[in-house]
Each structure stands twice: as C-alpha cells, then as structure tokens.
1. Answer yes or no: is there a residue in region 202-212 that is of a type in the set (S, T, N, Q) and under 20 Å from D229 (Cα atoms).
2. Inspect all residues belonging to region 12-32 and state whether any of them is over 30 Å from R234 (Cα atoms) and either surrounded by fewer than 17 Cβ atoms within 10 Å (Cβ to Cβ) or in contact with an Asp or Glu (Cβ under 9 Å, 6 or more places away or on another chain) (or both).
3. Filter region 103-123 for residues that are touching a Ser or Thr at 6+ places or on another chain (Cβ under 9 Å) and not basic (K, R); which is nearest to F64 (Cα to Cα)?
4. Would you mind stating whether I55 is over 21 Å from G145 (Cβ atoms) and among the β-branched types (V, I, T)?
5. Within region 134-157, is there a residue that is touching a Gly at 6+ places or on another chain (Cβ under 7 Å) and in a strand (DSSP E or B)?
6. Exactly one condition in (1) closer than 20 Å to R126 by Cα; (2) in contact with a Gly (Cβ under 8 Å, 6 or more places away or on another chain); (3) in a strand (DSSP E or B) is false for F12; which is it?
7. Given the conditions (1) closer than 27 Å to V248 by Cβ; (2) assigned to a loop (DSSP other than H, G, I, E, B); (3) of a type in the set (D, E), which single one is not true for E162?
8. It is to be established whether one or more residues within region 184-198 are part of a loop (DSSP other than H, G, I, E, B) and without any contact (Cβ under 8 Å) to a residue 12 or more places away in the chain.
Amino acid sequence: MGVEEKSVEVQFLGSGDAFGSGGQLQTCFLVSTAQDSFILDCGASSLTALKAARISLNDITKIFITHLHGDHFGGIPFFILDAQLVSKRTQPLTIIGPPGLEERVHAAMEIFFPRSSQVSRKFEIRFLELMPRQPEEVDGVLTTGFPVIHFSGAPSYALRLECDGRCIVYSGDTEWTETLLEAAAGADLFICEAYYYEKRMKFHLDYKSLLSHLPEFSCKRIVITHLNDDLLSRLEQVELETVRDGTVLTI
C-alpha cells in the first residue's frame, strides 16, 4: 500500500484590504499541515482574528510576510507581545519575508510600544529575509519570494510555499505582472489579490485584468482576496472563487 497523503488546510482569518471593506479583517491566512501551523501575512487585526477563531498562538511556528505594509505585517508587534506576556511562549518563532523585514518590525514595535523590541524574552525570534527567486527551506516549508510591483519601501513578494506535497502561492499586493504566472506555476492553490472589479490602479490588480490572463495560468485552483467595496458590490458578476473571513479550504 502507498503512503497516505495528508491534506493541507488554509483558513482565511482575515481576507480584507487596509480599510476594512465589507467589514473584513486585514490579511491573515492560517496554514495547517499534519505537523505544523503557520501564518501567511499578519495584518494589524491578526491577533483579534486568531483569538476569535480560538487558535492557539503557541502552535504557530512561523509567520510569512509578503510585504511591509501595515495591513500585511502590522500585527507582528502584537503577536510578539502576546507571546511574551499572555501566551507565555517558550518555543522559537521564525518570521520570514523580504529584505528590511527585521528592521521594520523592530521600528514598528518601538513606535507602538517603546522599548518593547529591546526586552529579554523566554523565546527566540528568528528573522529570515528572502532574496528574490532563491528558495529557502524553513522547517520543512520550501519558500520562494517572487518580486512583484507594489511600493512598500522594501521589496514586495508573491510567496510560494511548498510543504507536505502541496504548493500554496499568494500574490501579496501587486499590479499585473507576468511574474505571477511564474510564481503560481503548477500550484495547488493560488491566492490572488483582486482589488477593484475593472478599474486599473497602480500597484494593485483588478479582477478583469486577472480574468484576461486566466488561460495563461497552470495552477490547479485560483481564489481571489483583498476585495474592496467596488468589487464586493459586484460579486454576482465574478466567475472566480472568492474568499471571505472564515473561509476554510482543504487542498
């Protein structure tokens, strides 16, 4: 008999934009495998989302970050402080993302809670800053950052995560770029930003532009997220699968 293949679950704890469109929380996707749990992006509202879903924060081993905007990484200072003061974490926490990640997290902690980045903790925080298109294995998760077009004061990535025989890709925020085809090639799940329905906006992707490139993708499944009010008001015209806060997908 062959080895039984385990599924991977993606729970969308936060799927909204920076402005809470549709009452959705900021980006925070929980990925659960047979052996691991980790977060893909950690927007400012992520701690609330995690606790509302009754997720054990101490079970989360890693946080992956696509880019350094507050609605995608701003929850990290709160996660760290909770780990220190509430959850009483002892196991290491690894934070993975683009160059500049460690400096920006420390700066955010000092702005929100002065001296909080300087305290002694009972757990280690490890930062790994990804170089473009250079795969890094982190505790069994093969991670690759693909540069996309989104200004954040540092490189912005689409992240490709491969674990337990599955591949999950998240576009992060970006206007259309053929890099998305490269990042999502053969993926089991491609989570893609679609901000407006058809309005072109610099640094963001609209649904119609994504749809026009759909035949070029080789991934198995595409879902769209980060929808603003314009797109949310036209969901009856959307052919692609959408995700909202609380959506759970198994791949």
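The values are calculated or read from the model by the stated rules, or taken from the named source; none is laboratory data. All values derive from a computational prediction rather than experimental measurement. Here the Cβ is made from the backbone with ideal geometry for all residues, glycine too, and neighbour counts use every protein chain on show.
1. Quick first cut of region 202-212, residues of a type in the set (S, T, N, Q) only: 209, 212.
Among the residues that remain, those that are also under 20 Å from D229 (Cα atoms) are: 209.
Yes, region 202-212 contains at least one residue that is of a type in the set (S, T, N, Q) and under 20 Å from D229 (Cα atoms).
2. Step one: of region 12-32, the residues over 30 Å from R234 (Cα atoms) are 32.
Now narrow it down to the ones that are either surrounded by fewer than 17 Cβ atoms within 10 Å (Cβ to Cβ) or in contact with an Asp or Glu (Cβ under 9 Å, 6 or more places away or on another chain) (or both): 32.
Looking for residues that are over 30 Å from R234 (Cα atoms) and either surrounded by fewer than 17 Cβ atoms within 10 Å (Cβ to Cβ) or in contact with an Asp or Glu (Cβ under 9 Å, 6 or more places away or on another chain) (or both), one finds at least one in region 12-32, hence yes.
3. V105
4. Details: over 21 Å from G145 (Cβ atoms): yes; among the β-branched types (V, I, T): yes.
Here the answer is yes, as I55 does meet what is asked.
5. To start, the set of residues in region 134-157 that are touching a Gly at 6+ places or on another chain (Cβ under 7 Å) comprises 148, 150, 154, 156-157.
If we keep only those that are in a strand (DSSP E or B) as well, we get 157.
Scanning region 134-157 turns up at least one residue that is touching a Gly at 6+ places or on another chain (Cβ under 7 Å) and in a strand (DSSP E or B).
6. (1)
7. (2)
8. In the first step, residues of region 184-198 are kept if they are part of a loop (DSSP other than H, G, I, E, B); the result is 184-188, 194-198.
When the remaining residues are screened for being without any contact (Cβ under 8 Å) to a residue 12 or more places away in the chain, the result is 198.
Yes.
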